[in-house]
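Below is one structure, written out as structure tokens; the observations come after it.
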Amino acid sequence: MPICALFGLLIGSFLNVVIARVPDGRSIVRPGSACPRCAHELGWWENIPVLSWLLLRARCRSCRLPISARYPLVELLTAVLFALVAWRMGARWALPAVLFFTAASVALSFIDLDTRRLPDPIVFTTLGAVAVGLTAAALADHTPRKLVAVAIGAALASGFLFVLHVAKPGGMGFGDVKYAVAIGAVLGWFGLWHVAVGLLAGFLIGSVIGLVQAAVTGRLRGATMPFGPSLAMGALFAVLWGQHVIDWYSGRLA
């Protein structure tokens with residue numbers, strides 16, 4: 001788990017680049033990280049996750065431009081989520097695929113908050129990585145039947161959101177529908193009831209956020225908000241605690 005947390009810090013640093021560049025169609029490889037004001041190219045010691053931000057006192061070493069606190073936030077959030085997912089799953093073959101999905105969900109959530117869209121390059125890359133990773137895990141675990149649940153989960157999640165998108169085009173973006181394919185696949189690996197828990201949690205979280213937004217702005221009708229972060233939070237909740245919810249609900253019915 002500590003190793004996964006450290007790995008999450010490093011991945012979180014890379015996600016900051018993805019969040020900043022992918023929406024604009026820029027390369028995530030070149031050029032290297034630099035200050036947007038003075039173009040000072042950052043050295044390796046200025047790219048250490050969280051620590052560099054603290055040592056630099058949240059300012060560019062060259063021009064003193066403030067560095068947003070969101071950079072260490074993304075890094076710490078990714079580290080915590082990686083540690084929690086590793087704690088939940090243990091050393092299993094499916095762990096890399098779920099960690100990839102977790103990292104992509106962090107990036108997509110912040111991009112959605114910034115731009116109100118979920119870029120296809122990230123969504124489709126996530127779909128491919130999840131499909132390959134879970135297929136390899138099923139073969140390594142000698143449980144190929146789990147891929148049936150993965151496929152059904154992907155179809156159920158995306159199909160449900162597609163119906164909502166068609167019923168109310170302005171309320172559900174098609175990017176959410178495509179992202180739901182990956183959500184359903186990952187949650188289907190844990191069980192089809194996890195898909196239901198993840199979607200329900202996502203809608204509940206979205207409703208709470210919407211009510212808070214309405215209370216703050218004083219607007220209920222006409223208010224819009226990105227749904228990707230709520231979907232991501234619901235999916236990760238189901239990965240981490242979905243089985244507890246399912247067991248609790250089953251106990252209530254017994």
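The values are calculated or read from the model by the stated rules, or taken from the named source; none is laboratory data. This one's a predicted model, so the numbers in the text were calculated from it and none came from an experiment. Counting neighbours? That spans all protein chains shown, and the Cβs are built from the backbone with ideal geometry, glycine included.
Of these, 92, 61, which one is basic (Lys, Arg), surrounded by 16 or more Cβ atoms within 10 Å (Cβ to Cβ), in contact with a helix residue (DSSP H, G or I) (Cβ under 9 Å, 6 or more places away or on another chain) and modelled with pLDDT under 95?
It is 61.
Out of (1) assigned to a loop (DSSP other than H, G, I, E, B); (2) under 22 Å from residue 134 (Cα atoms); (3) touching a Leu at 6+ places or on another chain (Cβ under 9 Å), the odd one out for residue 8 is which?
(1)
For segment 114-143, enumerate the residues that are surrounded by 14 or more Cβ atoms within 10 Å (Cβ to Cβ), part of a helix (DSSP H, G or I) and in contact (Cβ under 8 Å) with a residue 60 or more places away in the chain.
Answer for segment 114-143, where residues must be surrounded by 14 or more Cβ atoms within 10 Å (Cβ to Cβ), part of a helix (DSSP H, G or I) and in contact (Cβ under 8 Å) with a residue 60 or more places away in the chain: 115, 122.
Can you list residue pairs whose Cβ atoms sit under 8 Å apart, with the first residue in segment 224-237 being among the hydroxyl-bearing types (Ser, Thr, Tyr) and the second being assigned to a helix (DSSP H, G or I)? Count only pairs 6 or more apart in sequence or on different chains.
That search, which allows pairs on different chains as well, returns 230/202; 230/203; 230/205; 230/206; 230/209.
Can you go through 104, 83, 20 and tell me which one is assigned to a helix (DSSP H, G or I), assigned by TED's automatic domain parsing to the domain that holds residue 229 and crowded, with 16+ Cβ neighbours inside 10 Å?
That would be 104, the only listed residue that is assigned to a helix (DSSP H, G or I), assigned by TED's automatic domain parsing to the domain that holds residue 229 and crowded, with 16+ Cβ neighbours inside 10 Å.
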